[in-house]
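Engineer: First the structure, which I've put down as structure tokens, then a few questions once you've had a look.
The values are calculated or read from the model by the stated rules, or taken from the named source; none is laboratory data. None of these values were measured; they are calculated from a predicted model. With ideal geometry, Cβ positions are generated from the backbone for all residues, glycine too; neighbour counts draw on all protein chains shown. Each accessible area value is taken on the protein alone, full model and side chains, heavy atoms only, with ligands, DNA and RNA left out. Shrake-Rupley method; radii C 1.70, N 1.55, O 1.52, S 1.80 Å.
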Amino acid sequence: NRSVFADKQLIRLQENPDTIPEGETPHSITLSAYDDLVDVARPGDRVTITGIYRAVPARVVSFRRTLHSTYRTYIDVIHIQKATANRLVNEDPRAEPESEFYTSFDESARTMTATEEQKRRLMELAQQPDIYERLARALAPSIYEMDDVKKGVLLQLFGGTHKQFADDSGRFRGEINVLVVGDPGVSKSQLLQGVHKIAPRGIYTSGKGSSAVGLTAYITKDPDTRQTVLESGAL
């Protein structure tokens, strides 16, 4: 057996929703990543892709040689650079491999000096007695008042602590869910936009995409192979 196997991943790259005109649907394209580039980009990442744009013929029926008049296009990925400007970063190549923050492919623009400076400033901020109120005021500062709502959303951003019982009788998840209810025009969506801009992998959904099926996963047909596949939702 002289077969050689390699890791391959199909990625759907979508336009940044923040940069497209109002009311238009973002376009997407398929990427093919191989070997060390597999699992580098994760859902919600902002990335800059360098690759080779390819066009390949597609068969009308899989067991016949008849081809479509239009070709199927995709990009062979050569390099992935993550855009981390103005967003929180939760990946660290120095973390333990079992950690959820570990990454094997560090492509950020941060230097060790900047990281140490950030740690020092964070420690200084942590000593402030009014740090809770200061962070709440810094969240969506263009929205006046609504301090209680901002504090709740702030707690959701930080999350809780996963608790695992010693006798393996169960565990508690650390995620915090927030339901914001109010009259129209009281900045509920603007608060979500503020969270979306600073969260590491924040994805803003509304309307059809926010249904139970659209958030988790749904079954669809692959346009190339006509086979039934499981597509991941917004989350």
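Engineer: Answer rounded, prolate or oblate for the range 1-73, using the Cα gyration tensor with square roots of eigenvalues a ≥ b ≥ c: rounded when a/c is under 1.5, else prolate when a/b is larger than b/c, else oblate.
Structural biologist: Since a/c reaches 1.5 but b/c is at least a/b, the shape of the range 1-73 is classed as oblate.
Engineer: Between Leu10 and Asp167, what is 0.36 nm times their sequence separation minus the Cα-Cα distance? Round to one decimal in nm.
Structural biologist: Computed gain between Leu10 and Asp167 is 52.4 nm.
Engineer: Rounded to the nearest whole Å², what accessible area per residue is found for the range 110-167 with the 1.4 Å probe?
Structural biologist: Details: 4620 Å² over 58 residues.
For the range 110-167, the solvent-accessible area averages 80 Å² per residue.
Engineer: May I ask you to give the percent of accessible area on the range 118-175 that is carbon plus sulfur, with a probe radius of 1.4 Å?
Structural biologist: Solvent-exposed carbon and sulfur of the range 118-175 make up 54 percent of the total.
Engineer: Let me ask another. Which cross-chain or sequence-distant (5 or more) residues have an amide H under 5 Å from the amide H of Arg46, H modelled 1.01 Å from N in plane?
Structural biologist: When sequence neighbours closer than 5 places are left aside, the close amide H contacts are Ala83.
Engineer: A further question follows. If each of Lys119 and Ser28 carries a label point 7 Å out from its Cα toward its Cβ, how far apart are those two points in nm?
Structural biologist: Each label point lies 7 Å from its Cα, and together they span 3.9 nm.
Engineer: Then there is this: Contour minus end-to-end for Arg2 and His196, with contour as 0.36 nm per residue of separation and end-to-end as the Cα-Cα distance? List each step's numbers first, then the result.
Structural biologist: Working: separation 194, 0.36 × 194 = 69.84 nm, distance 4.84 nm.
Between Arg2 and His196, full extension yields 65.0 nm more.
Engineer: If you don't mind, another one. Could you list the GluC sites (Glu not before Pro) in the range 112-171 that lie in coil according to DSSP, counting only those with at most 15 other Cβ atoms within 10 Å of their Cβ?
Structural biologist: Sparse-neighbourhood loop GluC sites (Glu not before Pro): Glu145.
Engineer: Continuing with the same structure: At 0.36 nm per residue, minus the direct Cα-Cα distance, what do Glu133 and Asp36 gain on full extension? Give it in nm, one decimal, please. Spell out each step's value before the answer.
Structural biologist: Details: separation 97, 0.36 × 97 = 34.92 nm, distance 4.34 nm.
30.6 nm is the gain from fully extending Glu133 to Asp36.
Engineer: Suppose R0 equals 22 Å. What FRET efficiency, 1/(1 + (r/R0)^6) with r the Cβ-Cβ distance, do Ala126 and Asn177 give to the nearest 0.05?
Structural biologist: Working: r = 26 Å, r/R0 = 1.17.
E between Ala126 and Asn177, to the nearest 0.05, is 0.30.
Engineer: Among Lys163/Lys188; Lys119/Lys151; Lys82/Lys150; Lys82/Lys197, which pairs are too far apart, with a Cα-Cα distance over 25 Å? If you can, show how the numbers build up before the last one.
Structural biologist: On the way: Lys163/Lys188 31 Å; Lys119/Lys151 23 Å; Lys82/Lys150 29 Å; Lys82/Lys197 15 Å.
Beyond 25 Å: Lys163/Lys188; Lys82/Lys150.
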